[in-house]
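Peer 1: Quick one: this structure, given as structure tokens, is what I'll be asking you about.
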Amino acid sequence: MNASGALFQFDETVRRDYPVIAGLDEAGRGPLAGPSIGIGIVDADAIDRINILQSTYLAMKSALHHLKQPPGILFIDAVRLPGIEIPQKSIIKGESVSASIAAASIIAKVTRDGIMDFYHEKYPLYNFGKHKGYGTKEHISLIRAYGPCPIHRKSFRKVIDVELPLA
């Protein structure tokens, strides 16, 4: 059986008991700039206020709230979602185990990349279109040169530790 077949086989093991499965994953926990995605979106200010893990929970709960049909079970990549009555299974490296999580992962990544392309147009000095907000050498160099912009996560160590140029 190929890898994609195994992904679907995992989900099918629960489909009789739970016909509607929601796969949950995030994109953008590591970058220095931009939102986290679930297609619940949490902006950089909220991430700075409540931390990245709480922001992940908030985005996932928002994504669930927007579903047209409530799922019978949640397959979540690497975390458990507190305060949710729906049965859930946290799966480490879930995108390689479950088709539902793999699909959520792709949707989250493509959506977040599109948002970062928008921010590239708004803040071209930071070249978000290339590094998508991740902490690359180029990105850190640009923060050093220009300081953080409004979408930078000011509570993240790599943004805090950047020395601004002397005036």
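The values are calculated or read from the model by the stated rules, or taken from the named source; none is laboratory data. All values derive from a computational prediction rather than experimental measurement. Because the Cβ atoms are built from the backbone with ideal geometry, glycine has one as well, and the counts that use them run over all protein chains shown.
Yes/no matrix, rows are residues, columns are (1) of a type outside the set (Gly, Ala, Ser); (2) in contact with a Pro (Cβ under 8 Å, 6 or more places away or on another chain); (3) under 24 Å from ALA59 (Cα atoms); (4) crowded, with 18+ Cβ neighbours inside 10 Å:
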site	(1), (2), (3), (4)
ASP117	yes, no, yes, no
GLU121	yes, no, no, no
PHE128	yes, no, yes, yes
GLY133	no, yes, yes, yes
HIS139	yes, no, no, yes
CYS149	yes, no, yes, no
LYS154	yes, yes, yes, no
LYS158	yes, no, yes, no
ASP161	yes, no, no, no
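Peer 1: I would also like to ask the following. Looking at (1) surrounded by fewer than 17 Cβ atoms within 10 Å (Cβ to Cβ); (2) of a type outside the set (S, T, N, Q); (3) under 30 Å from ASP17 (Cβ atoms); (4) under 10 Å from the mean Cα position of the chain (by Cα), can you tell me which one ALA108 breaks?
Peer 2: Here ALA108 clears every test but (1).
Peer 1: Follow-up question, since we're still on this one. For residues that are touching a residue at least 12 places away in the same chain (Cβ under 8 Å) and of a type in the set (Lys, Arg), scanning just the stretch 65-123, find the one that is farthest from GLN9 (Cα to Cα).
Peer 2: Just the residues of the stretch 65-123 that are touching a residue at least 12 places away in the same chain (Cβ under 8 Å), to begin with: 65-67, 69-79, 81-84, 86-105, 107-109, 111-113, 115-117, 119, 123.
Adding the requirement that they be of a type in the set (Lys, Arg) leaves 89, 93, 109, 112.
Details: LYS89: 16, LYS93: 16, LYS109: 24, ARG112: 28 Å.
Selected residue: ARG112.
Peer 1: Let me ask another. If you go through the stretch 49-72 one residue at a time, do you hit one that is touching a Gly at 6+ places or on another chain (Cβ under 8 Å), of a type in the set (S, T, N, Q) and either buried (at least 21 other Cβ atoms within 10 Å of the Cβ) or farther than 30 Å from CYS149 by Cα (or both)?
Peer 2: There is at least one residue in the stretch 49-72 that is touching a Gly at 6+ places or on another chain (Cβ under 8 Å), of a type in the set (S, T, N, Q) and either buried (at least 21 other Cβ atoms within 10 Å of the Cβ) or farther than 30 Å from CYS149 by Cα (or both).
Peer 1: Keeping to the stretch 57-74, report how many residues are under 15 Å from the mean Cα position of the chain (by Cα) and of a type outside the set (D, E, K, R).
Peer 2: First, the residues of the stretch 57-74 that are under 15 Å from the mean Cα position of the chain (by Cα): 57-64.
Narrowing the set further to residues that are of a type outside the set (D, E, K, R) leaves 57-60, 62-64.
Selection size over the stretch 57-74: 7.
Peer 1: Just for helices (runs of 4 or more DSSP H) wholly inside the stretch 57-167: which have at least 2 residues that are of a type in the set (Phe, Trp, Tyr) and at pLDDT 95 or above?
Peer 2: Of the helices (runs of 4 or more DSSP H) lying wholly inside the stretch 57-167, those with at least 2 residues that are of a type in the set (Phe, Trp, Tyr) and at pLDDT 95 or above span 99-122.
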